[in-house]
Every structure is written in C-alpha cells, then in structure tokens.
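The values are calculated or read from the model by the stated rules, or taken from the named source; none is laboratory data. Everything quoted here is computed from the prediction, not taken from an experiment. Every residue, glycine among them, receives a Cβ derived from its backbone with ideal geometry; neighbour counts consider all protein chains shown.
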Amino acid sequence: MVHRSAPAPTAAVAPAGPAAPGRPAATSRGELERICLEIFSERGFEVTSVDEIAAAAGIGRRTFFRYFKSKNDAVWGEFDSQLAAFAHWFAHCPPELTVVQAIRAAVIDFNSFDRPATESLRTRMRLILSSPSLQAYSTLHYAAWRDVVARFAAGRLGLDPDDLIPRTLGHLALGAALSAYEQWLADDGAELIELLHQSLALLGSPDGEVPP
C-alpha cells in the first residue's frame, strides 16, 4: 500500500448467528477484515453486500458497522493510525536526510513487509486499484497521504504545504508508489521494494535537487 499495514486491534466481535459452513465466526476486527478481503477477492467488491459479509463471518450487520463505517473501510483497514505513523516518521526522520531522501526512505520503510503480509497486501491493493467504487473512495485517502508528504516538505523548505513545490512532491511520491504497486500486481515475479526504489529514483538524485 502507500502506507504500512498494521495489525488490526483485537477487540472482540460478538457472533450473532451461524457462520458460513466450514468457517468459524469472526472473533476480532482483524479476522473480520481478513474475511472481507477473502470474500471480495472471490466474489468481487462491487457485488458483495454487507449482509453477505456478516452472514459469512457469523456476525450481525450492526456488529460489522461497529468496526467499519462501510465495506470500503474494511479494505483500507487501519488507515488513520497508519497515516499518523507515517507523519510521525517524518517528524523524527534523521535531519541529515534531504527532503527527497527522507520521502524515499519513508515510502520504502512503510511498504516493507514479510512474506505472509505481502500476500495479504497483494489482495488488498488489487481490490483498491481495480474496483471503481474503491478507486473513488480512495481519492480521500490519497489526498490525506499527499498532505503528510507536503507538510513535511513545506516544514523543511520554509514554505506553505499548499505551495507548488511541497504540493508537487506529495503528488510525485504518491504517483511513484502507485506506479510501483501497479507493476507489482501485473508481475507476480516482481519485488515490490525493488520497484519502489526504481520509481522513487525519479524524484531526484541522492543529493536531492530540492534544498534541505
């Protein structure tokens, strides 16, 4: 993703009916999220209803909405906390890094996963990048992500986040990350981190063209 995937909280989900045959009732937010990704991948995001998810998870409709505002949120997972961690990384990044170096390092760090998490990430990102309604919903998240990058760049450069250079760096970083993900999804043999290094290299040389 364009941010690190964090483990979901383990707050209990109360079962409200029998789960689908062969599937135990969901007992945590993380498990419910996993079931959502599995069902969306099998049946398609657009055609799967919240009622179908609840039935498959063995929970009630109300219980689903206790944890997710919509089925869109189930795909994006813990975005808000991940975005806060992304901003925290920038706030505490090594001062010797230039603006461009810091942006590269942050994006690489927040997209580094172990093998099991990578498979889940592939499912999640395939849904996000291929489902029309998810793409529309994602624009809000992308704007928030770009804003974190722009605010960091603006702080370093003594500019306003809405000024041209910080705003452009936010768009460039997001574009580089999404392009790497699109290529990764299209090529099962590709390594995400290698693709990110290649795409992020287009932001500038290691010394950085933007003043620190």
Exactly one of (1) surrounded by fewer than 17 Cβ atoms within 10 Å (Cβ to Cβ); (2) at pLDDT below 95 is unmet by A57. Its number?
(1)
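Please work out if G175 is surrounded by 13 or more Cβ atoms within 10 Å (Cβ to Cβ), free of Cβ contacts under 8 Å to residues at least 60 places away in the same chain and among the small types (G, A, S). Quick ask: steps written out before the conclusion?
Working: surrounded by 13 or more Cβ atoms within 10 Å (Cβ to Cβ): yes; free of Cβ contacts under 8 Å to residues at least 60 places away in the same chain: yes; among the small types (G, A, S): yes.
Against the criterion (surrounded by 13 or more Cβ atoms within 10 Å (Cβ to Cβ), free of Cβ contacts under 8 Å to residues at least 60 places away in the same chain and among the small types (G, A, S)), G175 qualifies.
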Could you check D80 against (1) surrounded by fewer than 19 Cβ atoms within 10 Å (Cβ to Cβ); (2) under 21 Å from the mean Cα position of the chain (by Cα); (3) at pLDDT 95 or above; (4) of a type outside the set (G, A, S) and say which number it fails?
(3)
Go through region 131-167 and report how many residues are surrounded by 14 or more Cβ atoms within 10 Å (Cβ to Cβ) and either in a helix (DSSP H, G or I) or under 20 Å from the mean Cα position of the chain (by Cα) (or both).
23
Output the number of residues of region 45-77 satisfying the condition of being part of a helix (DSSP H, G or I) and more than 16 Å from the chain's Cα centre (by Cα).
15
Residue under question is L97, and the condition is that it be of a type in the set (A, V, I, L, M, F, W, C), more than 26 Å from L140 (Cα to Cα) and either in contact with a strand residue (DSSP E or B) (Cβ under 6 Å, 6 or more places away or on another chain) or modelled with pLDDT of 95 or more (or both); does it hold?
yes
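Would you call A85 out of contact with any strand residue (DSSP E or B) (no Cβ under 6 Å at 6 or more places or on another chain), assigned by the TED database to the domain that holds S130 and either of a type in the set (A, V, I, L, M) or under 19 Å from A143 (Cβ atoms) (or both)? Please lay out each step first, then the result.
Working: out of contact with any strand residue (DSSP E or B) (no Cβ under 6 Å at 6 or more places or on another chain): yes; assigned by the TED database to the domain that holds S130: yes; either of a type in the set (A, V, I, L, M) or under 19 Å from A143 (Cβ atoms) (or both): yes.
So A85 fits the description; yes.
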Only unsatisfied item for E96, checking (1) under 15 Å from the mean Cα position of the chain (by Cα); (2) charged (D, E, K, R); (3) over 22 Å from I35 (Cα atoms), is (1)
Can you confirm whether E42 is part of a loop (DSSP other than H, G, I, E, B), acidic (D, E) and farther than 24 Å from L140 by Cβ?
no
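Out of the residues in region 103-130 that are part of a helix (DSSP H, G or I) and hydroxyl-bearing (S, T, Y), which is farthest from E33 (Cα to Cα)?
Taking region 103-130 first, the residues part of a helix (DSSP H, G or I) are 103-109, 115-130.
Now restrict to residues that are hydroxyl-bearing (S, T, Y): 118, 120, 123, 130.
On the way: T118: 15, S120: 11, T123: 12, S130: 18 Å.
Across region 103-130, the extreme among qualifying residues is S130.
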Given the criteria aliphatic (A, V, I, L, M), at pLDDT below 95 and touching a Ser or Thr at 6+ places or on another chain (Cβ under 9 Å), does L121 qualify?
yes
